[in-house]
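Step one of this worksheet: look at the structure below.
Please treat every number below as a calculation from the coordinates, not as lab data. Because the structure is a prediction, the values reported are computed rather than measured. Note: ideal-geometry Cβ built from the backbone for every residue, glycine included; neighbour counts use all protein chains shown.
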Amino acid sequence: MSRRPNDIAELHRSIGESLASYREASPLSQGDLARETNYHRTSISHIEAGRQFPTERVFWERVDDALSADGALVNQYERVTAANLARERDSPRPMPNAALGAPSTPLERFNMRCYPSGSTEDRPMTPFGVDLPTMHAMSAAFQIAAQENEPAPGEAAKAGDLLRPQQQPPRTLDPS
């Protein structure tokens, strides 16, 4: 069952049908179009069926160019995007989690898991507003991540090394 409103789902089906029509009129297969756009063939199939909608304009520019659609697919994409934005603007916003009494930040969710009673008053706090057990757990996690991503001796660290964890077995902290 689709979570999208019927009008938006219909727009997605319509642009997908247009894409399929242009592709079928060209010598390109779904696989060929997938290679042209850096998408998978099954994604092209889902887009043509209206089950998937790429929100990146560059995708629609690439298929428009590959299928010689003279801007028709890009124009249709812009209409769908405008309809999506209008729907989001006009739809009522859900209440934030905090208004419902649910934890709304990662730290609050962590504290709810570690301290189900919710009592934080008796826990020692750091100057950063984080209790000490949480601070120790976060520090340990960062230390492990830093050790796993440490460059080899004589090799300079590259920007983003901490963002790309290496394929190594997880390490545990030495209790000493």
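Would you please classify the overall shape of region 9-73 from the alpha carbon gyration tensor, given that a ≥ b ≥ c denote the square roots of the eigenvalues, rounded means a/c under 1.5, and beyond that prolate means a/b larger than b/c while oblate covers the rest? Rounded, because the longest to shortest axis ratio a/c is under 1.5.
You can think of it this way: the chain between ARG79 and GLU61 has 5.1 nm of extra reach, that is 0.36 nm per residue less the Cα-Cα gap.
Using the Cβ-Cβ distance between ASP32 and ARG87 with R0 = 45 Å, the FRET efficiency computed as 1/(1 + (r/R0)^6) comes to roughly 0.85.
For SER21 and THR42, the difference between the fully extended length at 0.36 nm per residue and the C-alpha to C-alpha distance is 5.9 nm. You can think of it this way: the chain between ALA72 and SER139 has 18.8 nm of extra reach, that is 0.36 nm per residue less the Cα-Cα gap. Electrostatic tally near TYR39: other residues with Cβ closer than 11 Å to its Cβ, Lys and Arg +1, Asp and Glu -1, net +1.
For the charge dipole of region 6-90, defined by +1 on Lys and Arg C-beta atoms and -1 on Asp and Glu C-beta atoms about the Cα centroid, which residue among LEU28, ASN38, LEU67 has the Cα displaced farthest towards the positive pole? Towards the positive end, the residue furthest out is ASN38.
The fewest-to-most ranking of SER18, SER26, SER68 by surrounding Cβ atoms within 10 Å reads SER68, SER26, SER18.
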